[in-house]
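The values are calculated or read from the model by the stated rules, or taken from the named source; none is laboratory data. Because the structure is a prediction, the values reported are computed rather than measured. Neighbour counts run over all protein chains shown; Cβ positions are idealised from the backbone, glycine included. Areas reflect the complete protein model, heavy atoms only, side chains present, ligands, DNA and RNA absent. Shrake-Rupley method; radii C 1.70, N 1.55, O 1.52, S 1.80 Å.
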Amino acid sequence: MLALGLATLLLALPPAPGGTAASAPQVPARAEVDPCSGMDDEGRPFPTCFDPGNALLLGTGLRVWDGRADPTLHAGILLRTERTSRSKGMLWFNTHRLLVTEATPNSTRRGLTTTLYEGTFRRHLEEGFILIPTSKPIRIPFPFDVTLAVRAGHLERRTWEGPGLTVETGRAALLLDPIRSVTGRLWLGFGPAASHSLRRMPDGELEQELSPFTSALVETGYETEDGWWTVRASGLGGWINSFEGGRRFRVRADASLERILFAVNDQPLWLQAYGTYTYKDAGLARRTEWAVGARLLVRTFSSL
């Protein structure tokens, strides 16, 4: 009986400090919190962050211009890539927009605007500099990132203007970015731009226009880290020369604000409000006009 009582007492006592690892209580490791992942009631994760620049784009909306409201359809392919060169301390932020199209299926004012390709290539260095190749090379700090912005095959067709159409065959701009963001979510670029356009008039005559770096392009934007909010704006202005003779000043500007409403099966739905302004460059008649509108956009495959 005495032995049984001593054994019971020993089992009831807590383990002494400095015991073996096998006898020490196991404390579960603290899991890292993923800011882009939530957890449902059954413990299954789901994404909460989305990439507005990497998706298959589909949408519909309403545009108000020239005193009327027209329904619109929107589609395109958006790609975004990032490449690092560790040896040179350099980052590349590249965006690609393929076959971005807006159609107006109105019976009286049908129209189509599409861009075959549009891309930006921004190079970010940890310490930007200019090298002057004198007998003793000099290196001067250069506080800008450099961006190459290109566009090819931009077509605009307005059926109510007749059988003609407008095609911007190509545009290229070299932009300087003083913000130099290392995340790619904030940008500001400005610099000279060159472009070439064709206008096929209703009478069949073909007109060509060239802007040999006599225009300037400005692009800016911001995206929140979770992708819920996006703000973008751009402007192009300058002189354009006609091959048939003559010179004119034109301006194009647009801005947009987007917010995620909700996501269905991890596919987010965005609400976009936007506005555009064109000075002496809209359509075959080179009109001055403005427009505002709103779209509902689905960007599939856009989870971060």
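Ordering Gly128, Leu210, Phe50 by Cα displacement along the dipole of the chain toward the positive end leaves Leu210 in first place; charges were set at the Cβ atoms of Lys, Arg (+1) and Asp, Glu (-1). Each Lys and Arg contributes +1 and each Asp and Glu -1, all at the Cβ; summed about the Cα centre of the chain, the dipole is approximately 880 debye. Shape descriptor for region 201-293: Rg over Rh equals 1.14 (Cα atoms; Rh from the Kirkwood inverse mean 1/r).
Among Gly76, Gly237, Gly128, whose mean-square fluctuation peaks in a Gaussian network model of the chain (Cα, cutoff 10 Å)? Fluctuation is largest for Gly128. Here region 72-195 has 65 percent of its accessible surface on carbon and sulfur atoms, given a 1.4 Å probe and all protein chains in place. For His196, the solvent-accessible surface computed with a 1.4 Å probe is close to 40 Å², ligands and nucleic acids excluded.
Annotation: peptides 52-63, 255-266, ranked by per-residue average of other Cβ atoms within 10 Å with the highest first, follow the order 52-63, 255-266. When the alpha carbon gyration tensor of region 154-204 is reduced to an equivalent ellipsoid, the three semi-axes, largest first, read 36, 12, 7 Å. Springs join every pair of Cα atoms under 10 Å in this Gaussian network model of the chain, and among Thr159, Thr276, Thr72 the largest mean-square fluctuation is at Thr159.
Going by the alpha-carbon gyration tensor, a ≥ b ≥ c the square roots of its eigenvalues, is the chain rounded (a/c under 1.5) or, if a/c is not under 1.5, prolate (a/b greater than b/c) versus oblate? Note, shape of the chain comes out oblate. The C-alpha atoms of the chain define a longest principal axis, and helix 2-12 lies at about 20 degrees to it.
Stokes-Einstein, applied to the Kirkwood radius of region 81-176 over Cα pairs at a viscosity of 1.567 mPa s and 4 °C, places its translational diffusion at 78 µm² s⁻¹.
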